[in-house]
Ligand SMILES: [Zn+2]
């Protein structure tokens, strides 16, 4: 009798098992609408060459652990949007902040994202209102798509594996060769393409979530139509290959990575197909079954900016450069309000999928060194490091890049309306946070 009860409990526990839910919603804005990502664009988008989507994957481990991943074909997500969605999901579905990750594909052919990711040389209150209204729509759409995924869960199995793509290149080398010729610099890349597969009880694939560390910028500034770029094409073609499944793209540590070749519409399709072929091959061979509990942790740290004075911005506010003048005025306003900006909030999430795979999701445009270091420490076979998650406040350089200088080191901060470069502490602050959270959820260093 005792044995029978034990068996029944065991089979019930098994029957509870993993559950998954997946949903998608189109988020293409009403046109015309300003795109963002390239400062050089001079007109808004008036047509769509590939619709853009927000998607959600909800997972449950049968023992109370839950994870919700929301991905979007956007240049980035902002804390203003994601914190409100998190608040609503906490209210309606008791999803904790640490169980929720938002990730943007970093397409530069996507709409401006309220309030900060609005890189367009335009000072028109009507455009500002349009961008804000679209930001409010994103809050509603993200909430809706996550709730749909949570409300339509079905018994499922989850498996994990990795493959590779080869079109990412380190974009800093060209710049450094130009400003400091004759010297050689490290040019790290990370070609890993992690894949999670969700399979329903009938054996059908219902969701694929995959990532790559490469700027989603095959389509350059001359393209002014809404488009999800290579990541959008990869998702579209995977969904065609797996009818009834949704494909979700995670942007990894692509801060200093760009696709090559690029600049032609057909190349976005081609790179998308490269990823699709790799993911299909990986998903149809033996993957590691994910078993055990989901564990997650979240924290917000502060990343300090280098000290700056009011005088710098007084000069900058008078600049003939649109972006310099915009930043200068914003910083002066902060000084006037007696709240000069000294640091920024920085979100970090860590999720363990049983003991088979773990995800660190970092905010901002994180350079690839972060992923390479954390993967070395915690095991490249099981750790995935995503960037562009929960908020994008600027580039996240390492010590090395701060020393080398250039766009990712801090010259880009003007476009994000941030005061300037981060201090030398940035690298260790971010790495320490990731390590602390991984430890908290029981993911141990590889050695
Ligand atoms: Zn970027």
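Throughout, read-outs are computed from the coordinates displayed, never taken from laboratory work. For clarity, every value in this text was computed on a predicted model and none was experimentally measured. Glycine also receives a Cβ, built like all others from the backbone with ideal geometry; neighbour counts cover every protein chain displayed.
Considering only region 249-294, state which residues are assigned to a strand (DSSP E or B) and closer than 18 Å to residue 381 by Cβ. I'd like the intermediate steps shown before the answer.
Here is the first cut: in region 249-294, the ones assigned to a strand (DSSP E or B) are 249-252, 257-259, 288-289, 294.
Selection gives 250, 252, 288, 289.
Quickly run through region 207-226 and pick out the residues that are away from the ligand (no atom under 16 Å from the Cβ) and more than 17 Å from residue 69 (Cα to Cα). Spell out the reasoning first.
At the first step, the residues of region 207-226 found to be away from the ligand (no atom under 16 Å from the Cβ) are 207-210, 222, 224-226.
Of everything in region 207-226, those that are away from the ligand (no atom under 16 Å from the Cβ) and more than 17 Å from residue 69 (Cα to Cα) turn out to be 222, 224, 225, 226.
Just one residue in the set 307, 241, 265, 231 is more than 22 Å from the chain's Cα centre (by Cα) and closer than 20 Å to residue 395 by Cβ; that residue is 307. The conditions of being within 16 Å of the ligand (Cβ to nearest atom) and within 19 Å of residue 118 (Cβ to Cβ) are met by residue 38. For region 165-185, the tally of residues that are touching a residue at least 40 places away in the same chain (Cβ under 8 Å), surrounded by 13 or more Cβ atoms within 10 Å (Cβ to Cβ) and farther than 30 Å from residue 57 by Cα stands at 6.
Of the residues in region 107-121, how many are more than 16 Å from the ligand (Cβ to nearest atom) and either within 19 Å of residue 325 (Cβ to Cβ) or not in a loop (DSSP other than H, G, I, E, B) (or both)? Please lay out each step first, then the result.
Taking region 107-121 as the starting set, the residues that turn out to be more than 16 Å from the ligand (Cβ to nearest atom) are 114-115, 121.
Right, trim to either within 19 Å of residue 325 (Cβ to Cβ) or not in a loop (DSSP other than H, G, I, E, B) (or both) and you get 115, 121.
So the count comes out to 2.
Exactly one residue out of 188, 194 is more than 16 Å from the ligand (Cβ to nearest atom), closer than 30 Å to residue 348 by Cα, surrounded by fewer than 22 Cβ atoms within 10 Å (Cβ to Cβ) and in contact (Cβ under 8 Å) with a residue 40 or more places away in the chain: that is 188.
Can you tell me which residue is farthest from residue 55 (Cα to Cα) among those in region 118-145 that are crowded, with 17+ Cβ neighbours inside 10 Å and in contact with a helix residue (DSSP H, G or I) (Cβ under 8 Å, 6 or more places away or on another chain)? Here the residue is 120. The residue list 28, 49 contains one member that is more than 16 Å from the ligand (Cβ to nearest atom) and either touching a helix residue (DSSP H, G or I) at 6+ places or on another chain (Cβ under 9 Å) or over 19 Å from residue 233 (Cα atoms) (or both), which is 49.
Is it fair to say residue 104 is within 15 Å of the ligand (Cβ to nearest atom), buried (at least 24 other Cβ atoms within 10 Å of the Cβ) and within 11 Å of the chain's Cα centre (by Cα)?
Values: within 15 Å of the ligand (Cβ to nearest atom): yes; buried (at least 24 other Cβ atoms within 10 Å of the Cβ): yes; within 11 Å of the chain's Cα centre (by Cα): yes.
Yes.
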